[in-house]
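The values are calculated or read from the model by the stated rules, or taken from the named source; none is laboratory data. This is a predicted model, so every value here is computed, not measured. Ideal geometry is used to build each Cβ from the backbone, glycine not excepted, and the neighbour counts take in all protein chains shown.
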Amino acid sequence: MSNKPTYRAIATILFCVGIMMSCVTVPKIDSSAVSVAEEGGITFTKISNEEDAVIGPGIQNSNFFVGSVKYHTIRWYAAPFIGLSPDGDYVAYICKVNNAKNIYLKRTAGGSSIIQRTFKGGIMDMAYSPDSKMICFSDNSDGNQNVYTINATEGAAIQQITSSGSAESGGIYSPDGKIIYYTKEETSVGATGVISYRYYVWGYNKETSLMTQYCEGFTPCPLPDGQRLLVTRGNKETGNGEIWMIDTKSGLETQIIGARDKSFSSPDISPDGKTILLVSNTRATNIRPMNLDLYTLSIDGTKLTQLTFHPGADVSPKWSHDGKQIYFISGRGNAKANFGLWKMNYRS
C-alpha cells in the first residue's frame, strides 16, 4: 500500500496557494529525522505505523517564470484529514486500502489496534461531534462530493447531509452540536472558457433541516461562543489563503491574518478560545525548500509563532481536549516522507 501525498481533489477544491520568488538552489531534503534543531524542547510521538497507510492532503510544489524571474508555488488541500474525539480517546484518520479511502480509528493512548468506520471509498475529510458520538465526513466515491454523518463507534448507518450537484466538504459541528457547517463550491465559466471557483460556508440545522449560507470562505472553525466562525479565504489578487472571523449573527467580518508571501489555512481554535492553530508555507532558504509547517496565532491576530520546522510537510493540526497537545499529519521520521499520525506537546 502506498500513502504518497496524491489526491483526486488536488485540482478541484479547497486549495491554499503560497507563492514566493526563489533565488536559491536547495539540496535534496532528508525527512528521516523525527525533529530538527529549531524544534528543541518539543516531544514528537508517532501514533501510526507504516501498515496504517495514513493518507494526507494533496500537495503540489512547482516553479514558474515571469520573464527571467523564477517563482515557486506550493498548493495544498486544506480540509482536515484527521479528527480528534473531544473525550480524548480516539484519533480518526484516512487510510487507503485497495484504492479505497476510508475512516479508521486509533486510540490516542497508542497500540496497534484500529477500527474501520466507513466503507465507501472516497473519504476526503472528517470531524467529531462535541459529544464524541458521531463523525461528520465528506465522500466523493459516487462521483458527487457530499457531506455525511456516521456513528463514531458502532453500526454502519450513514446519514446524507447534502445532496446538491455542487461539491460540498469540510463538515464540522457547532459547539452545541445543533449545526453542521460545511463548504460549498460554486463554479463559473468566463468568456474565454476559463473555469473559476468560489467557496461559501453553509450550515445545516439538525433540528429544522434548513440550509443557510453564511459567508464566503472554506474550512469553517466555530469558536467556543457558538456565534463566531473562523474561515479561510483566498486573496483575490494573490490567491494566498487568509484567516477571517465571521460573526454569524451580526454579519461582521474581520480579517485575522494575511500576507503577500505566505498562505494560511486549516484554522483550529484552542479549547480556551484564545489561540488559533493553523498551517502556513515556510519561506525557502539555502538549506530548505518552501514547506508546510504548523503555526499558532492569538485570536486578535498577533503573536504569529512557528511551531514546526521539519522538511517533511506538517498539516491537518488539531488541539487536544485540554490544549496541552497537538495532533497532526506529518512526513517526518520517514525517508520517503510518507504521511503518519503524530502528536506533540504544546507550551504557550
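Flag: Ser265 matches the condition of being crowded, with 24+ Cβ neighbours inside 10 Å and at negative phi. Which condition breaks for Ile256 when tested against (1) β-branched (Val, Ile, Thr); (2) surrounded by fewer than 22 Cβ atoms within 10 Å (Cβ to Cβ); (3) not in a strand (DSSP E or B)? Answer for Ile256: the failing condition is (3). Filter the stretch 299-348 for residues that are among the hydroxyl-bearing types (Ser, Thr, Tyr) and at negative phi and give the result. The answer is Thr302, Thr305, Thr308, Ser320, Tyr327, Ser330, Tyr346, Ser348.
Among strands (runs of 3 or more DSSP E) entirely within the stretch 115-168, having at least 2 residues that are within 15 Å of Gly203 (Cα to Cα) singles out 134-139, 146-151.
For the stretch 191-213, residues that are surrounded by 10 or more Cβ atoms within 10 Å (Cβ to Cβ) and in contact with a strand residue (DSSP E or B) (Cβ under 6 Å, 6 or more places away or on another chain) total 12. Of all residue pairs spaced 6 or more apart or on separate chains, none has beta-carbon atoms under 7 Å together with a first member in the stretch 236-249 that is free of Cβ contacts under 8 Å to residues at least 12 places away in the same chain and farther than 16 Å from Leu278 by Cβ and a second member that is loosely packed, with under 15 Cβ neighbours inside 10 Å and of a type in the set (D, E, K, R). Hey, any hits in the stretch 118-135 for a residue that's of a type in the set (D, E, K, R), at pLDDT 95 or above and more than 17 Å from Pro57 (Cα to Cα)? Looking through the stretch 118-135, at least one residue is of a type in the set (D, E, K, R), at pLDDT 95 or above and more than 17 Å from Pro57 (Cα to Cα). Going through (1) surrounded by 15 or more Cβ atoms within 10 Å (Cβ to Cβ); (2) among the charged types (D, E, K, R); (3) part of a loop (DSSP other than H, G, I, E, B) one by one, Glu185 falls short only on (3). Filtering the stretch 269-288 to residues that are in contact (Cβ under 8 Å) with a residue 60 or more places away in the chain and either in contact with a Ser or Thr (Cβ under 9 Å, 6 or more places away or on another chain) or within 17 Å of Ala78 (Cβ to Cβ) (or both) leaves Thr275, Val279, Ser280, Asn281, Ala284, Asn286, Arg288.
Of the residues making up the stretch 298-316, one or more are over 17 Å from the mean Cα position of the chain (by Cα) and aliphatic (A, V, I, L, M). Based on this model, can you work out whether Glu237 counts as out of contact with any strand residue (DSSP E or B) (no Cβ under 7 Å at 6 or more places or on another chain) and on the phi < 0 side of the Ramachandran plot? It is true that Glu237 is out of contact with any strand residue (DSSP E or B) (no Cβ under 7 Å at 6 or more places or on another chain) and on the phi < 0 side of the Ramachandran plot.
For the stretch 140-158, filtered to residues that are modelled with pLDDT of 95 or more and under 13 Å from Lys120 (Cβ atoms), the residue that is farthest from the chain's Cα centre (by Cα) is Ile158.
Just checking: which of the strands (runs of 3 or more DSSP E) contained wholly in the stretch 11-78 hold 2 or more residues that are within 30 Å of Arg347 (Cβ to Cβ) and at pLDDT 65 or above? Before you say what the answer is, go through the steps one by one.
On the way: elements: 15-21, 44-46, 59-66, 69-77.
In the stretch 11-78, the matching strands (runs of 3 or more DSSP E) lie at 44-46, 69-77.
So, in the stretch 299-336, exactly how many residues are surrounded by fewer than 20 Cβ atoms within 10 Å (Cβ to Cβ), farther than 26 Å from Leu229 by Cα and in contact with a Pro (Cβ under 9 Å, 6 or more places away or on another chain)? Of the residues in that region, 0 qualify.
Test Ser188 against the stated conditions and say whether it is in contact with a strand residue (DSSP E or B) (Cβ under 6 Å, 6 or more places away or on another chain) and touching a residue at least 24 places away in the same chain (Cβ under 8 Å).
When the stated conditions are applied, Ser188 does not pass them.
Considering the conditions (1) in contact (Cβ under 8 Å) with a residue 60 or more places away in the chain; (2) over 23 Å from Ser174 (Cβ atoms), Lys318 is excluded by exactly one of them, (2). Pairing each residue of the stretch 298-314 that is over 18 Å from Lys324 (Cβ atoms) with any residue that is charged (D, E, K, R) and in a loop (DSSP other than H, G, I, E, B), provided the two are 6+ apart or on different chains, yields C-beta distances under 6 Å for Ile299/Lys274; His310/Arg332; Pro311/Arg288; Gly312/Arg332.
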